Amino acid sequence: MAGMKHSKSRAVFPDANRKGNGAATHDRHAMNWRRYFWPVVGVAAVVFSLWLLLHELRGISLDDVWDGIVAIPARGWVLAALSSVIAYASLAGYDHIALLHIGKKVSWLFVTLCSFTTYALSHNIGGSVFSGAVIRYRAYGTKGLTGQDVGILVAICWITFVLSTVLVSGIVLVLAPEIVDRFSGAPHHQLSQAAGLAMLLVVAAYIFGSWLHLRPLKIGSFQVHYPALPIVARQLLIGPVELLAAAAIIFFALPVSGNPGYFVVLGVFLVSFSVAQISHAPGGLGVFEVVFLAGLSHMDPVGVLAALLVFRLFYLIIPLVMALGVVLYFEHSQLGRSGN
């Protein structure tokens, strides 16, 4: 009998091991699935959007696009460049606000360069929340910030962006509900204004929550304290400025003929930028252009495409080149310190 029991136990444990191995394999497959899902979605969004873009721009040659770029006056180039500087200066404010919230002191220059590099790279890579977290962790870790500190910093920056987008979008929908008609093809003014008011109520609720000093949000050992009113005030000032400046890059590069005005361009920009972010397409490539061309379908597509190329130049390409230089300098300096 003892021998029989012993043999049974040997027969049971391999099954348990197989089940354990099966569960581990299942977890690995699940992790791999999650890892590749959004990149695949982003690439698919790029391919599909580029196909739509080519269909939309059929009959337009590269010479036409070049003529559209050359037609932009010097004043437009200068104002677009200045708008880009203001946009990235405001983005640097995101990190300053977050560090003020968590009570960490880092030099102004380091924070500004870190924020600039983070957004310049994440805007081009896509998945700005996750890519930005990795870049910030690498940089701020050298200044003594823990992984939890960086996690809270990224959360506050993300909340600032979302809050600013909701605020500006709400104002646009309330004051110019006809902007939605450019995408829907039918008037929905009352519905648009109702959506705008709902967005403004969300922002008001956020402010009210700060005034009430609500308890921190806890996710396991990780917790995010509700920002104090002075922090919220900075979020509602600096965040919208970044969106206004980014939209101004395109506005100043658009031709005068058929230009619907800054407010409409701002509304179309918010829709296009939001869709591009949701698509997870690297740099919103193709997605941003398709949606923007649909929003300004009454304008000459050559002029609109030229303005969008100027936007990519000042908001994506030039910052990317500069950010790569900052990264190389930073890593070289870290190697020099580790060598000492």
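Before moving on, here are some points about what is shown:
- Top-ranked residue of the stretch 97-108 - restricted to ones that are without any contact (Cβ under 8 Å) to a residue 60 or more places away in the chain and not in a loop (DSSP other than H, G, I, E, B), ranked as nearest to residue 235 (Cα to Cα): 99
Residues checked against (1) surrounded by 19 or more Cβ atoms within 10 Å (Cβ to Cβ); (2) touching a residue at least 24 places away in the same chain (Cβ under 8 Å); (3) of a type outside the set (Gly, Ala, Ser); (4) assigned by TED's automatic domain parsing to the domain that holds residue 244:
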| position | (1), (2), (3), (4) |
| --- | --- |
| 270 | yes, yes, yes, yes |
| 279 | yes, yes, no, yes |
| 285 | yes, yes, yes, yes |
| 295 | yes, yes, no, yes |
| 306 | yes, yes, no, yes |
| 315 | yes, yes, yes, yes |
| 322 | no, yes, yes, yes |
| 328 | no, no, yes, yes |
| 331 | no, no, yes, yes |
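- Any hit, the stretch 162-183, residues being surrounded by 13 or more Cβ atoms within 10 Å (Cβ to Cβ) and basic (Lys, Arg): yes
- Taken over the stretch 145-159, residues that are over 17 Å from residue 216 (Cα atoms) and in contact (Cβ under 8 Å) with a residue 40 or more places away in the chain amount to 1.
- Test: residue in the stretch 296-308 that is assigned to a helix (DSSP H, G or I), in contact with a Pro (Cβ under 6 Å, 6 or more places away or on another chain) and not acidic (Asp, Glu): yes
- Pairs with Cβ under 7 Å, 6+ apart, first in the stretch 63-85 and more than 13 Å from residue 252 (Cα to Cα) and in contact (Cβ under 8 Å) with a residue 40 or more places away in the chain, second assigned to a helix (DSSP H, G or I) and of a type in the set (Val, Ile, Thr): 64/302; 65/302; 68/302
- So residue 171, is it under 21 Å from residue 272 (Cα atoms), assigned by TED's automatic domain parsing to the domain that holds residue 254 and either assigned to a helix (DSSP H, G or I) or touching a residue at least 24 places away in the same chain (Cβ under 8 Å) (or both): yes
- Single match in 265, 326, 304, 287 (criterion: among the β-branched types (Val, Ile, Thr) and in contact with a Cys (Cβ under 9 Å, 6 or more places away or on another chain)): 326
- Reported count of residues in the stretch 201-232, each being within 21 Å of the chain's Cα centre (by Cα) and farther than 24 Å from residue 146 by Cα, is 3.
- Test: residue in the stretch 125-133 that is assigned to a loop (DSSP other than H, G, I, E, B) and free of Cβ contacts under 8 Å to residues at least 60 places away in the same chain: no
- Only residues that are β-branched (Val, Ile, Thr) and surrounded by fewer than 18 Cβ atoms within 10 Å (Cβ to Cβ) were counted across the stretch 143-161, and they come to 1.
The values are calculated or read from the model by the stated rules, or taken from the named source; none is laboratory data. Quick caveat, the model's predicted, so the values are computed rather than measured. Here the Cβ is made from the backbone with ideal geometry for all residues, glycine too, and neighbour counts use every protein chain on show.
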